[in-house]
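Accompanying notes for the structure given below.
The values are calculated or read from the model by the stated rules, or taken from the named source; none is laboratory data. Keep in mind it's a predicted model, so treat the numbers as computed, not measured. Methodologically, a virtual Cβ is constructed for each residue, glycine included, from the backbone with ideal geometry; neighbour enumeration extends over all protein chains shown. SASA here: full protein model, heavy atoms, side chains in, ligands and nucleic acids out. Shrake-Rupley method; radii C 1.70, N 1.55, O 1.52, S 1.80 Å.
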Amino acid sequence: MNWLTNVVRPKIKSLLAKRETPDNLWIKCPETGEMVFHRDLEANQFVIPSSGYHMRMPARRRLEVLFDGARYETIAVPPSPVDPLKFRDERRYTDRLKDAKAKTGNEDAVLLGIGQLDDMTVVAAVQDFDFMGGSLGMAAGEAIVTGMLAAVERRAPFILFAASGGARMQEGILSLMQMPRTTAAIQALREARLPYLVVLTNPTTGGVTASYAMLGDVHLAEPGALIGFAGPRVIEQTIREKLPDGFQRSEYLLEHGMVDMVVQRQDLRATLSRLCHVLTKTPKVEVVELEPVEVEQPAA
Amino acid sequence: MRSYLEFEKPVADLEGQIQELRVLAERGEAVDVTEEIGRLETKASQALQEIYQKLTPWQKTQIARHPDRPHFVDYVARLIEDFTPLSGDRKFAEDAAILGGFGRFRGQSVAVIGHEKGSDTASRIRHNFGMARPEGYRKAVRLMELADRFDVPVISLVDTAGAYPGIGAEERGQAEAIARSTEACLNIGVPNVALIIGEGGSGGAIAIATANRVLMLEHAIYSVISPEGAASILWRDPARAQDAATNMKITAQDLIRFKVIDGVIPEPLGGAHRAPEAVIDAAGAAIAEAFAGMAGLSREEVRRQRREKFLAIGRVL
């Protein structure tokens, strides 16, 4: 052995060893600091088992958990113009888009699925916060519109999982126009008397909250989600004081009448299914063995 | 006293000189200044023309926010007869950041709603600088629904930096209020025309600007976020507002190219504040023309056209 093997090799080994244990195997609970093994977290729908903290859930997993047998079909969204403003801030918008696509494997911030929820056809849209903060641009707006119109066509309820920092500023006014566009599509759902259920997840703010995310027939919110119009930082800068604890969180919105209920992620599917079935007057699907009951007929 | 914008300095200097000469002449201290005044006036108007021929988006932003620019109350005073202002959202409070009421426009009953920024310190505070809270949008919904029931068309005058970001506003559902107001704009079976007279600031604007026809004054701006806001988020430097204003394409000339608006109303040389009456009259003519183009449409047709117009925005650029 020469000095090279003695001195250098251990360092290389330690480098290799680091690569073998990626740092996302163990996930830290933002609330308690507890470390949770990633498989345990995934098995629990990304909710920390001991603290109940709701971590961000990958958009695709939302659809898999929602639909019977994790089976669903995607819905094709007509292409939208790309980078109409030829926008550039510190970086080119097209580069940011490329990165977001590579990071998420998705075309834009909204995923659509159609499938069965306890044997009832439903259409669902999921906003992917990992794609540029779930921001609402032309492609995302077109996906929401397409999903809603597909629900009308199939006479299916529409379920939205909202997560967004707001409008996609790099698309300027065309991003703002997604607010009335999505609202116009909601009118079609309303006229068809189809349920529009919104699940507000962490975080949902800005133009998304100020349009389709606050226009649901029923609003569910995951525990502790930040939901509001202006972000906390903007408000603090405007009023120059610290915001109260729990401000703009799900429980706060419930108290102030803006959401119908705060629902644990584990109970979301059952709650959504129940609402879809009851609102569309569809009988329950579970086959339950019942004892025959003698019913007294009222006297004629 | 006229307020000048920074880039209008050459004009300000010349017009200042003219003013001084006039004062001297009045006092009898100068002899025959008419010729000199005439010469300076020509120069001032040339300077103004030069500046206004090549305004940058950031300069337009400043013109759109000019303190002397005509506001909601000026338009209503000149265009609407029998104007009867109405107050309150019937739920919580009156919010004077959005004004509204009923009156007659060229003999026809109309509802008018819009942001008012105020024109002096007291009125600016009363109107919260045109930044509405949820109650403002809920009042707008109430007035639109009234207009719908009485089959009266709606004029919206848009002039806001944006909806107010505050604790109370969030507590009472700012986002929901804006969303419902946009929905009301789309729901009503009477024609509506929106005119952006100054700033069209994001959701706070769209809440009353979702109309069958959307018009803009030549130097008004309409944007998803203020240039300062975009600069601090995207460039992490509020001082880059000029770049943000340019890159975000917020001018009337940009927006007509994107087919987001339907018409641009020219402003007099030097901006609306130099000849408010002329601008307001031109706005009145454009609004009348927009309504005339929708005459005889059924309620269903009015709603259908509005909805399809918005769904079509951005599909083909």
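Counting only other chain Cβ atoms within 10 Å of each residue's Cβ, the peptide B:155-167 averages 3. The chymotrypsin sites (Phe, Trp or Tyr not before Pro) found in the stretch B:96-164 that occupy coil by DSSP, while having at most 11 further C-beta atoms within 10 Å, are B:Phe150. Placing unit charges on each Cβ (+1 for Lys and Arg, -1 for Asp and Glu) gives the stretch B:17-158 a dipole about its Cα centre, and among B:Leu40, B:Pro153, B:Leu21 the Cα reaching farthest toward its positive end belongs to B:Pro153. Between the residues A:Gln178, A:Leu254, B:Gly263, the greatest Cα displacement towards the positive end of the dipole of the protein assembly as shown, with unit charges on the Cβ of Lys, Arg, Asp and Glu, is found for A:Gln178.
Compared with the dominant Cα axis of chain B, that is its longest principal axis, helix B:9-27 is turned about 60°.
Under the criterion of Cα pairs below 8 Å and six or more residues apart, the relative contact order for the stretch B:6-54 equals 50 percent.
In whole percent, how big is the carbon plus sulfur part of the accessible area of chain A, probe 1.4 Å, protein atoms only?
Working: 8220 of 15450 Å².
The C+S portion of the solvent-accessible surface of chain A is 53 percent.
Residues B:Arg149, B:Arg304, A:Arg168, B:Arg274 ordered from highest to lowest accessible area at a 1.4 Å probe: B:Arg149, B:Arg304, B:Arg274, A:Arg168. With a Förster radius of 60 Å applied to the C-beta separation of A:Arg91 and B:Glu35, the computed FRET efficiency comes to 0.55. A cut-off under 13 angstrom between Cβ atoms defines the neighbours of A:Ile75, and their net charge, with Lys, Arg +1 and Asp, Glu -1, is -3. Based on C-alpha pairs under 8 angstrom that are at least 6 apart in sequence, chain B has a relative contact order of 15 percent. Computed from label points 7 Å out along Cα-Cβ, the spacing between B:Ala25 and B:Thr56 is 3.7 nm. Think of a 1.4 Å ball rolled over the protein heavy atoms: chain A then has 51 Å² of accessible area per residue. Placing +1 on each Lys and Arg Cβ and -1 on each Asp and Glu Cβ, with no other charges, gives the stretch B:158-215 a dipole about its Cα centre of roughly 200 debye. Between the Cα long axis of helix B:299-312 and the first principal axis of chain B there is an angle of about 70°, rounded to the nearest 10.
Please report, in debye to the nearest 20, how large the charge dipole of the protein assembly as shown is about its Cα centre when each Lys and Arg carries +1 at its beta carbon and each Asp and Glu carries -1 there.
On the way: 74 positive and 82 negative charges, 304 e Å.
Charge dipole of the protein assembly as shown: 1460 debye, to the nearest 20.
Of the GluC sites (Glu not before Pro) found in the stretch B:1-75, the ones in coil according to DSSP and having at most 15 other Cβ atoms within 10 Å of their Cβ are B:Glu29.
Across peptide A:211-221, the mean count of Cβ atoms from other chains lying within 10 Å of each residue's own Cβ comes to 3. When the surface is traced with a 1.4 Å probe over the full set of protein chains, A:Trp26 keeps roughly 140 Å² accessible. For the stretch A:56-279, the relative contact order works out to 16 percent when only alpha carbon pairs closer than 8 Å and six or more residues apart are counted. Quick one: net charge of B:Val193's neighbours, Cβ under 10 Å, K/R +1, D/E -1? Spelling it out: positives minus negatives among the neighbours equals -1. In this structure chain B gives 42 Å² per residue of accessible area when probed at 1.4 Å with all protein chains present. Each part gets one Cα centre, and for the stretch B:225-251 versus the stretch A:59-77 those centres are 38 Å apart.
Report in % the part of the accessible area of chain B that belongs to carbon and sulfur, leaving out ligands and nucleic acids; probe 1.4 Å.
Ligands and nucleic acids excluded, carbon and sulfur give 51 percent.
Taking every DSSP bridge with both residues inside the protein assembly as shown, close to 45 percent are antiparallel.
Suppose we compare each residue of the stretch B:286-317 in its chain alone and in the full protein complex with a 1.4 Å probe; which ones drop by at least 20 Å² of accessible area? Buried on complex formation: B:Arg307, B:Phe310, B:Leu311, B:Ile313, B:Gly314, B:Arg315, B:Leu317.
Of all beta bridges DSSP finds with both residues in the stretch B:62-312, what is the antiparallel percent, to the nearest 5? Before the final figure, lay out each step's value.
Numbers: 13 of 33 bridges.
Roughly 40 percent of the beta bridges in the stretch B:62-312 run antiparallel, per DSSP.
Roughly how many whole Å is it from the C-alpha centroid of the stretch B:252-315 to that of the stretch B:142-179? The stretch B:252-315 and the stretch B:142-179 have Cα centres separated by 20 Å.
Within the stretch B:62-312, how many Lys pairs sit with Cα atoms under 18 Å apart, leaving out pairs fewer than 8 places apart on the same chain? Don't jump to the answer; show the numbers that get you there.
Details: B:Lys91/B:Lys139; B:Lys117/B:Lys139; B:Lys249/B:Lys259; B:Lys259/B:Lys309.
Within the stretch B:62-312, the lysine pair count is 4.
With respect to chain B, whose longest principal axis is taken over its alpha-carbon atoms, helix B:134-149 is tilted by about 70°.
Accessible area ranking (1.4 Å probe, heavy atoms, ligands and nucleic acids excluded), largest first, for B:Ser181, A:Ser51, B:Ser87: B:Ser87, A:Ser51, B:Ser181.
Once backbone amide H atoms are built at 1.01 Å from N, A:Val36 has A:Ile27, A:Lys28, A:Cys29 as its partners under 5 Å, excluding neighbours fewer than 5 places away on the same chain. In summary, no lysines lie within cross-link reach of A:Lys284, defined as a Cα separation below 27 angstrom excluding same-chain residues under 8 places away. So, taking all protein chains as they sit and a 1.4 Å probe, how much accessible area belongs to A:Leu149, in Å² rounded to tens? It works out to around 70 Å².
Relative to the isolated chain, which residues of the stretch A:72-105 have their accessible area cut by 20 Å² or more in the presence of all protein chains (1.4 Å probe, heavy atoms, no ligands or nucleic acids)? For the stretch A:72-105, once contacts with the other chains are taken into account, A:Pro81, A:Pro84, A:Leu85, A:Phe87, A:Arg88, A:Asp89, A:Glu90 lose 20 Å² or more. Accessible surface buried at the B:A interface totals approximately 4200 Å², computed with a 1.4 Å probe on protein heavy atoms. The packing ranking, built from the mean of other Cβ atoms within 10 Å per residue, places the peptides A:226-239, A:179-192 in the order A:179-192, A:226-239, highest first.
Summing +1 for each Lys or Arg and -1 for each Asp or Glu, what net charge is found among the other residues whose Cβ lies under 15 Å from the Cβ of B:Pro134? Please list the in-between numbers first.
On the way: positive: B:Arg90, B:Lys91, B:Arg133, B:Arg138, B:Lys139, B:Arg142, B:Arg172, B:Arg180; negative: B:Asp89, B:Glu94, B:Asp95, B:Glu135, B:Glu170, B:Glu171, B:Glu176, B:Glu183.
Summing Lys and Arg as +1 and Asp and Glu as -1 gives 0.
With charges only on Cβ, +1 for K and R and -1 for D and E, what is the dipole size of chain B about its Cα centre, in debye, rounded to 20? About 1280 debye.
Using r as the Cβ-Cβ distance of A:Glu73 and B:Leu5, and R0 as 56 Å, what FRET efficiency do you calculate, to the nearest 0.05?
For R0 = 56 Å, the calculated efficiency reads 0.50.
For the stretch B:169-198, a drop of 40 Å² or more in accessible area on going from the chain alone to the assembled protein chains (1.4 Å probe) is found at B:Glu170, B:Glu171, B:Ala175, B:Glu176, B:Ala179, B:Arg180, B:Glu183, B:Leu186.
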